[in-house]
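Encoded as structure tokens, the structure appears first; notes follow it.
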Amino acid sequence: MKSMKQLFIIALSVFALSASSLVYAADLLIVSGGGYKKPMQQVIQAYQTVSGKQVDASYGNMRQITAQAQASSKIALAIGDEKFFGQSGKLFAATQPIGTGKLVIAWAQGRPQIKNAQDLTNPAITRIGHPHAKKAIYGRAAVEWLQSNHLTDAISETVMQLSTVPQVSSYLVAREIDAGFINLTDAIGLGDRIGGYTLLESGYERIKIVAATVAGHEQDAELQAFLQFLQSEQAKEIFTRYGL
């Protein structure tokens with residue numbers, strides 16, 4: 001009789017093989033910032049419907065997806081912050097604009113509303129989350145916004161750094177935090193699962209969301225077809241609906 005450890009190793013191997021076969025069956029592999037998972041899933045589904053092609057995507061913070069693109073020669077495209085991609089040396093050969101990212105401050109259901117910067121100093125707000133400042137677009141933007149509004153020291157005891165926009169969002173939904181900095185796209189997708197949000201139009205560097213072609217894939221026919229679809233009215237409608 002096989003030990004539990006042996007059974008676990010066999011099960012893990014089967015899973016890895018299955019996952020590998022799914023990935024390699026795709027016509028196109030892309031990575032995307034986690035804050036844009038909802039619109040990208042819809043865009044990919046729409047593209048697959050009209051093209052009959054299979055697109056696989058993975059999501060994470062900017063550092064994670066850039067590392068994935070660097071580690072795998074199979075990944076042809078990355079969706080995210082133009083500035084962050086520009087710091088990746090020669091990893092990306094070209095970019096195509098998608099839209100402008102917007103920072104919001106959202107609050108959990110049943111928590112005090114936040115309409116301006118000073119509302120964050122409300123004693124009833126004891127936990128404020130933001131994505132990782134060095135790894136995620138909106139973590140960097142949140143820190144910039146706090147600094148420009150002279151709140152860094154005032155609320156230092158209540159601010160906690162998480163990993164990604166989706167993690168901050170999940171904490172908001174679960175009411176593990178009272179408020180959190182996320183992007184407009186994710187806030188729209190959360191709907192009534194949070195108490196609400198306030199759009200922050202200034203106080204941080206403009207965020208340009210682009211589709212970045214990984215060097216070496218410039219001539220890939222499948223990639224070119226997908227990039228063309230990203231410029232279609234159907235794709236633009238989805239991005240616009242999610243605040244881009």
The helices (runs of 4 or more DSSP H) lying wholly within the range 129-212 that contain at least 1 residues that are open to solvent by less than 50 Å² (accessible area, probe 1.4 Å) and without any contact (Cβ under 8 Å) to a residue 40 or more places away in the chain are 137-148, 165-173
Which of the residues spanning the range 198-241 are of a type in the set (S, T, N, Q) and within 19 Å of ASP81 (Cα to Cα)?
-> SER202, THR213, GLN231, THR240
Name every residue in the range 25-55 that is surrounded by fewer than 19 Cβ atoms within 10 Å (Cβ to Cβ) and without any contact (Cβ under 8 Å) to a residue 40 or more places away in the chain, in order of residue number.
-> ALA25, ALA26, GLN41, GLN45, GLN48, THR49, GLY52, GLN54
Residues in the range 111-124: is at least one in a strand (DSSP E or B) and in contact with a strand residue (DSSP E or B) (Cβ under 8 Å, 6 or more places away or on another chain)?
-> no
If you go through the range 67-99, how many residues are touching a strand residue (DSSP E or B) at 6+ places or on another chain (Cβ under 7 Å), among the hydroxyl-bearing types (Ser, Thr, Tyr) and open to solvent by less than 40 Å² (accessible area, probe 1.4 Å)?
-> 0
On the given criteria, is SER58 open to solvent by 30 Å² or more (accessible area, probe 1.4 Å), out of contact with any Cys (no Cβ under 8 Å at 6 or more places or on another chain), among the polar types (S, T, N, Q) and modelled with pLDDT under 90?
-> no
If you go through ALA124, ALA136, ALA154, the only one that is under 13 Å from the mean Cα position of the chain (by Cα) and of a type in the set (Gly, Ala, Ser) is ALA136
Hey, could you check the range 213-228 for residues that are assigned to a helix (DSSP H, G or I), of a type outside the set (A, V, I, L, M) and in contact (Cβ under 8 Å) with a residue 40 or more places away in the chain and say which is nearest to SER72 (Cα to Cα)?
-> GLU222
Taking the range 215-244 on its own, how many of its residues are open to solvent by less than 80 Å² (accessible area, probe 1.4 Å) and among the hydroxyl-bearing types (Ser, Thr, Tyr)?
-> 2
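The values are calculated or read from the model by the stated rules, or taken from the named source; none is laboratory data. Being a predicted model, the structure only gives us computed values, none of them experimental. With ideal geometry, Cβ positions are generated from the backbone for all residues, glycine too; neighbour counts draw on all protein chains shown. SASA here: full protein model, heavy atoms, side chains in, ligands and nucleic acids out. Shrake-Rupley method; radii C 1.70, N 1.55, O 1.52, S 1.80 Å.
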